[in-house]
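The values are calculated or read from the model by the stated rules, or taken from the named source; none is laboratory data. This one's a predicted model, so the numbers in the text were calculated from it and none came from an experiment. Here Cβ is always computed from backbone atoms with ideal geometry, including for glycine, and neighbour counts include all displayed protein chains.
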Amino acid sequence: MNMAFYDRVSAELADIDAQGLTKPERVIASRQGPVISVNGRDVLNFCANNYLGLAGDERVVQAGIKAQEKWGAGTASVRFICGTLEIHKELERAIADYLGFEDAILFAAAFDANGGIFEPLFGAEDAIVSDSLNHASIIDGVRLSKAQRYRFANSDMADLEAKLKEARAAGARNIIIATDGAFSMDGYIGKIDQIRALADQYEALIMVDDCHATGFLGPKGKGSFAHCGVEVDFVTGTFGKALGGAMGGFICARKNVVELLKQRARPYLFSNALAPAVCGSSLEAIRIASGEEGDKLRTQLFANAARFRSAMAEAGFDLLPGEHPIIPVMLGDAKLAQDMAARLLELGVYVIGFSFPVVPRGQARIRTQMSAAHTFEQIDAAVAAFTQAGKELGVI
Ligand SMILES: Cc1ncc(COP(=O)(O)O)c(C=O)c1O
C-alpha cells in the first residue's frame, strides 16, 4: 500500500481547512424551494439557482414522473447506439425553438456541453478568445481543443479587441469569442452587444454560456443575447437552474453545427442519454418559462432582486452592482464568509460563503440568489438576519 499518497491527501485536506477554505456540504431534507429543511428546521433559502422557482413546482415534478413512467429509468445507452427516445428529440426541438435557433443537442450537463463544443469545431488553425472569468467548464473545454488560445480581461472590450487583432495578425482561420452570458460569481451580465459589434468587425463567431440567463434574462427569458438585442452563433445552457433545476445541458446552434457535434462531440458520443424524467421536467419548465406565466415569474424575480439590493445597500453592505438576481455580498476574508454563513443559518437563512479557488483570494463573499418563489416578507426577513449577523461580526 502506498501510504505516502494517502498521507499527502490528508495533509492537503488539512491545509485547505487551515486556510478556512473547506466547503462543507449541508444536507437538505426537503424539496428545493424558498424554504428548505436543514438540520431539522425550516430555513429561508437564498443560494439556489432556482430563478423561476420551478425546481419544486408540482407540475414540473409530475411531468418528470410521467416521463419516467412512460420511458423508463433511462436508455442504458448513449444516444447513437440505442439511446435516442422521442422525448430527447422533443426536448431538443423545444429548447431550440424557445431560444430561436435552428437546432439543439443535449448533454448530461452544461459542463459537458462546454467541454464538448470547442474540440470538434476548432482546430490548430483557429483561435479561441475567452473571457478571463469564464466558467471552469469553458476553460476545460478550450484546453481540450487544439486551437490557439487568447484570454481577455473580464468584459474589457479594449482588451478583447486587442486579442482579436492579435489572432487576426497571427492568421487565424476562424476566431470564436467565448463568454459567459452572466458571470456566476459576480452577477455581471456579459456585454454581448459590444461583443457582437467587435465580432462583426473582426469576422469572429460568438459562443455564450447562458447557464445563469436562460429562462429569465431578456424578452421571454431567452437569455443574455436577447437581453442585449443581438444574435450569437452558439448558446450553451443548462436545465439545472431556471429551467426546472434537474440537470442536463444543451448547445443551440445552426443545424449543420449540431449535426457535426452529434458526430464528433466526445461527451455526447461517449456518455449516456439524458434520463427521461429529466427530459419531462425540463419540457414542462420550458413550457412555463416561455409563456405568460414566465413573464409574471420574471417580473417577480427582478422585483425581489431590486428589493433585496436596495435594502442591503441601505443596511451598509458592500454589494457588487447590477440587476441580476445573483447578488454577491462582499466580505473579503474567507473565514469571515464562513462565519457569516454559519451565523445566518442559526438565524434561519441558508446561504453559502464562497472563497478561493471559486473566487479570487481576498474576495470571499456570500453569493445570494433571488428566486421568483420568494415573497417580499421572506426577502425582508433575510435582510433583517443579514443586518443582525453583519453587526455581530463587525461587517457593518
Ligand atoms: C456558467 C456556468 N456554466 C456551466 C455550468 C455547469 O452547469 P451544469 O450543472 O449543467 O453542468 C455552471 C454551473 O455551475 C455555470 O454556472
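Number of residues in the range 301-310 that are out of contact with any Ser or Thr (no Cβ under 9 Å at 6 or more places or on another chain) and surrounded by 19 or more Cβ atoms within 10 Å (Cβ to Cβ): the value is 2. Here is a check on your reading of the model: is A313 of a type outside the set (V, I, T) and surrounded by fewer than 15 Cβ atoms within 10 Å (Cβ to Cβ)? The answer is yes for A313. Does I95 satisfy the condition of being assigned to a helix (DSSP H, G or I), within 16 Å of the ligand (Cβ to nearest atom), in contact (Cβ under 8 Å) with a residue 40 or more places away in the chain and not small (G, A, S)? Against the criterion (assigned to a helix (DSSP H, G or I), within 16 Å of the ligand (Cβ to nearest atom), in contact (Cβ under 8 Å) with a residue 40 or more places away in the chain and not small (G, A, S)), I95 qualifies.
Residue count for the range 337-396, restricted to those that are among the acidic types (D, E) and in contact (Cβ under 8 Å) with a residue 12 or more places away in the chain: 3.
Might you check whether a residue that is more than 29 Å from M185 (Cβ to Cβ), more than 16 Å from the ligand (Cβ to nearest atom) and among the aromatic types (F, W, Y) occurs anywhere in the range 59-71? Yes, the conditions are met somewhere in the range 59-71. In the range 179-205, the qualifying residues are those that are more than 11 Å from the ligand (Cβ to nearest atom) and of a type in the set (A, V, I, L, M), and the one that is nearest to the chain's Cα centre (by Cα) is I189.
For (1) modelled with pLDDT of 95 or more; (2) assigned by TED's automatic domain parsing to the domain that holds I139; (3) surrounded by fewer than 19 Cβ atoms within 10 Å (Cβ to Cβ), each residue gets a yes or a no:
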| site | (1), (2), (3) |
| --- | --- |
| R26 | no, no, yes |
| V35 | yes, no, yes |
| Q62 | yes, yes, yes |
| T75 | yes, yes, no |
| V78 | yes, yes, yes |
| K89 | yes, yes, yes |
| A104 | yes, yes, no |
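The residue that is nearest to the ligand (Cβ to nearest atom), counting only those in the range 106-138 that are surrounded by fewer than 17 Cβ atoms within 10 Å (Cβ to Cβ) and farther than 18 Å from V258 by Cα, is A136. Residues that are closer than 15 Å to L99 by Cα and of a type outside the set (F, W, Y) were ranked within the range 243-265; the one that is nearest to the ligand (Cβ to nearest atom) is G249. Looking at this structure, is D17 within 16 Å of the ligand (Cβ to nearest atom) and assigned to a helix (DSSP H, G or I)? No. Note on the range 36-51: residues that are more than 16 Å from the ligand (Cβ to nearest atom), assigned to a loop (DSSP other than H, G, I, E, B) and closer than 17 Å to F308 by Cα total 1. When V208, V142 are checked against the criterion of being more than 30 Å from E293 (Cα to Cα), within 16 Å of the ligand (Cβ to nearest atom) and buried (at least 22 other Cβ atoms within 10 Å of the Cβ), a single residue qualifies: V142.
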